[in-house]
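The values are calculated or read from the model by the stated rules, or taken from the named source; none is laboratory data. This is a predicted model, so every value here is computed, not measured. Here the Cβ positions follow ideal geometry from the backbone for every residue, glycine too, while neighbour counts run over all protein chains shown.
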Amino acid sequence: MTQTSLSPRAWAELILLGLIWGGSFLAIRTALDEIGPLTSVLFRTGIAALVLWPVILWRGIALPRGWRTWRALLVMGVLNNVIPFTLMAWGQLHIPSGLTSILNATTAIFGVLVAAAVFADERLTTRKALGVTLGFAGVVTAIGPAALLNLDLTSTAQLAVIAGTLSYACAGAWARVNLRGLAPLAAAAGMLTSSTLVMAPLTLMTEGLPSLALSSATWIGILYYALIATALAYLLYYRVLAMAGAGNLMLVTLLIPPVAIALGALVRKEDLHPGAYAGLALLALGLTILDGRLYRRAVKGLT
């Protein structure tokens, strides 16, 4: 992961991105009070795609062309939107949004493992192995060892969220191989459009025709996670990536859970068990080691 210094502007936009994505968990959970998980995903991908295409045309960005490109975007949409968005939305029906955000942080952990399995230049070093081990220890702690032995609706929901993060990791590897050379925003819009085409029939078959006669709170939630936490977040994501590099961008993973936990507690009166906070601490430590900078300083200080 390329790392550059973080300017004050990059820090500000990185923190803003963390706040936006942290708020998405509350927005999704609010919408789920009135709509089904599949419907929530359909609104998310469809609205975000409709917003991104005019931006792409206005900027004069080259559009995705050719069957092979669109086939790659379709697979990317399934891996990066359809599977994880659906699993996480269903999971949030049964576990607190704050806990969902903690488990969502395992995306970076699985990303390292999938990359090590697929790419020769992403081997699993001692540092990465230590970070991954601590990360998974954090997951087990957050879920609770007993929950893993006695599967019920709550523990199944937590495993569904984790499966969603594995899908995110696979999407990252797929994009590296199959979407090289495609403008990031064009890839995002194509992916969201493909996701919408997949979600539309699935939603109609399982949850019926989505209703537009929803409460104001539901529409606020939908518009937030579709417009702000998806369309706008993609624009901001690539800005921060260009300014700060991929290594620094991973720091946003550490910013999201505290925001989601605080909003869940304030708005929905969610109460997480102590193990969730201990798991978050272990996850944060694992992610920090994967980032590498503090680890290298510590090793250097010992030599």
If you go through the range 194-249 one residue at a time, how many are hydroxyl-bearing (Ser, Thr, Tyr) and in contact with a Leu (Cβ under 8 Å, 6 or more places away or on another chain)?
-> 8
How about the range 30-48: which of its residues are closer than 15 Å to Gly164 by Cβ and either crowded, with 24+ Cβ neighbours inside 10 Å or of a type in the set (Ser, Thr, Tyr) (or both)?
-> Ser40, Val41, Arg44, Thr45
Pairing a residue in the range 37-51 that is more than 17 Å from Ile83 (Cα to Cα) with any residue that is of a type in the set (Asp, Glu) and surrounded by fewer than 24 Cβ atoms within 10 Å (Cβ to Cβ), where Cβ atoms lie under 9 Å and the two sit 6 or more apart in sequence or on different chains, gives none
Test: residue in the range 138-156 that is at pLDDT 90 or above and of a type outside the set (Ser, Thr, Tyr) | no
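From the list Gly245, Gly221, which one is under 30 Å from Ala49 (Cα atoms) and either among the basic types (Lys, Arg) or at pLDDT below 90 (or both)?
Values: Gly221 fails: either among the basic types (Lys, Arg) or at pLDDT below 90 (or both).
One residue alone meets the criteria, Gly245.
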Sole residue being in contact (Cβ under 8 Å) with a residue 60 or more places away in the chain, over 18 Å from the mean Cα position of the chain (by Cα), closer than 15 Å to Ala31 by Cα and part of a helix (DSSP H, G or I), chosen from Thr203, Thr218 = Thr218
Can you tell me which residue within the range 55-96, out of those that are among the small types (Gly, Ala, Ser) and in a helix (DSSP H, G or I), is nearest to Met191 (Cα to Cα)?
-> Gly77
Name, by its number, the condition in (1) under 18 Å from the mean Cα position of the chain (by Cα); (2) at pLDDT below 95; (3) not polar (S, T, N, Q) that does not hold for Gly181.
-> (1)
Using beta carbons and a limit of 6 Å, which pairs, at least six apart or on different chains, have the first residue in the range 1-27 and more than 13 Å from Leu254 (Cβ to Cβ) and modelled with pLDDT of 85 or more and the second one of a type outside the set (Lys, Arg) and loosely packed, with under 15 Cβ neighbours inside 10 Å?
-> Leu26/Val267
Candidate set from the range 61-120 (those that are in contact (Cβ under 8 Å) with a residue 12 or more places away in the chain and aromatic (Phe, Trp, Tyr)); member that is surrounded by the fewest Cβ atoms within 10 Å (Cβ to Cβ) | Phe119
